[in-house]
Amino acid sequence: MPDRLHVHLPYRLLEESLPFLLSEGLQPEVAFQGTDLDTLDPGALNRMADTLREAGRLVTVHAPFMDLNPGALDPLVRDATTRRCRQTLEACRLLGADLAVFHPGYERWRYAGQVGLWLEPCLSFWPPLLEIAATQGCRMALENVFDEEPGPLEELLGRLDSPHLGHCFDVGHWRLFGSVSLEEWFDRLGDRILHLHLHDNTGQGDDHRPVGEGDIDFSALFRRVRSLPSPPSMTLEAHDKERLLRSRAGIAPFLLP
């Protein structure tokens, strides 16, 4: 599992962080914002991709999400979201990334619990993007954010049923917003999990604490992970270098063979 571990890294810090990543044996999950995608330098991305590839490091990508929603009822919002997703996949191509994480946009309160209002636009939103991803050999993973239970994601992934689309299970978001057990979540979506986001909290806020510094039971999480048909890749979502190193130390016992 250690060879499948990535670390969260904003795109603006990627180039200057390469020496640290390489010296520490780390792999990036490159997080893009919309303004990053509007000002990409393809040559710079190719050079960074070459450096990582020559060092034997894999790359994953996190798409922008602020103000965006693939299931938006407003077509202009969907158009903006489509543009950002297409730009993200182009960044994946340039970086040689084999997986990109997207936020699916469902919130029970925003849709008054009417999952169908969100699901219908999603069913037409994702297929064109999946075609692009397929040509690049890149998988797409939808992350739970405000999801209280896995039903909406379960239905969307089941209806689309694409080998290029799966689930990114964010254990911190599950702890904060989830209303079902870890066991139920994995029973319903485990076979679609491609990727994990790992950070800790106590259920009071999305603190992104280092692993082991909240109250999430990572032993229980990794028991479920080890039972999956295919081992997922995973990202430590720490937001500064100090927290990253503490989180890496916290997760190390669970990554032993």
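The values are calculated or read from the model by the stated rules, or taken from the named source; none is laboratory data. Worth saying up front: this structure is predicted, and the values here are computed from it rather than measured. All Cβ positions, glycine included, derive from the backbone under ideal geometry; neighbour counts span all protein chains shown. The area values use the complete protein model at the heavy-atom level, side chains included, leaving out ligands, DNA and RNA. Shrake-Rupley method; radii C 1.70, N 1.55, O 1.52, S 1.80 Å.
Observations
- Each residue of the range 97-111 is assigned a 3J(HN,Hα), and the resulting list reads 6, 9, 7, 10, 9, 10, 8, x, x, 7, 9, 4, 5, 5, 9 Hz, derived from the Karplus form 6.51 cos²θ - 1.76 cosθ + 1.60 (θ = phi - 60°), x at Gly and Pro.
- Think of each Lys and Arg Cβ as +1 and each Asp and Glu Cβ as -1; about the Cα centre, that makes the dipole of the chain roughly 460 debye.
- Rounded to whole Å, the principal axis extents of the Cα atoms in the range 9-79 read 46, 22, 16, largest first.
- Net charge over other residues, Cβ less than 15 angstrom from the Cβ of Ser233 (K, R count +1; D, E count -1): -1
- Given charges at beta-carbon only (K, R positive; D, E negative), |dipole| of the range 1-63 in Debye: 160 debye
- Note, ³J(HN,Hα) from phi for the range 209-224, Karplus 6.51, -1.76, 1.60, rounded to Hz, x at Gly and Pro: 6, x, 4, x, 10, x, 10, 6, 8, 6, 4, 5, 4, 6, 5, 5
- Other residues within the sphere of radius under 13 Å centred on the Cβ of Ile193, judged by their own Cβ, net out at +1 (K and R +1, D and E -1).
- Modelled label reach - Leu13, point 7 Å along Cα→Cβ, the range 226-257 residues with backbone N closer than 12 Å: 237-245
- Phi-derived couplings, Karplus 6.51 cos²θ - 1.76 cosθ + 1.60 at θ = phi - 60°, listed residue by residue for the range 116-129: x, 4, 7, 5, 4, x, 4, 5, 9, 6, 7, x, x, 6 Hz, with x used for Gly and Pro.
- Full extension of the segment from Ser181 to Gln136, taken as 0.36 nm per residue of separation minus the current Cα-Cα distance, would add 12.6 nm.
- Residues with amide H under 5 Å from that of His197, placed H, sequence gap 5 or more: Phe169, Asp170, Val171, Thr235
- For Gly105, no residue whose modelled amide H falls within less than 5 Å of its own remains once neighbours fewer than 5 places apart on the same chain are excluded.
- Rounded if a/c under 1.5, otherwise prolate or oblate - the range 59-100, Cα gyration tensor axes: prolate
- Treating each Cα of the range 185-257 as one equal point scatterer and applying the Debye formula with no solvent, the log10 of I(q)/I(0) at q = 0.15, 0.20, 0.26 Å⁻¹ comes out as -0.51, -0.88, -1.28.
- Largest to smallest accessible area among Asp200, Asp38 [probe 1.4 Å]: Asp38, Asp200
- Cα-Cα pairs of the range 138-216 separated by more than 16 Å (percent): 48 percent
- Inverse of mean 1/r across different Cα pairs in the range 114-257, Kirkwood, Å: 16.0 Å
- Total formal charge among the other residues, if their Cβ is under 13 angstrom from that of Gln136, Lys/Arg +1 and Asp/Glu -1: 0
- The range 1-153: projected area of the alpha-carbon convex hull, averaged over directions, in nm²: 9.6 nm²
- Estimated dipole of the range 25-106 in Debye, rounded to 20 [Cβ of Lys and Arg +1, of Asp and Glu -1, Cα centre]: 160 debye
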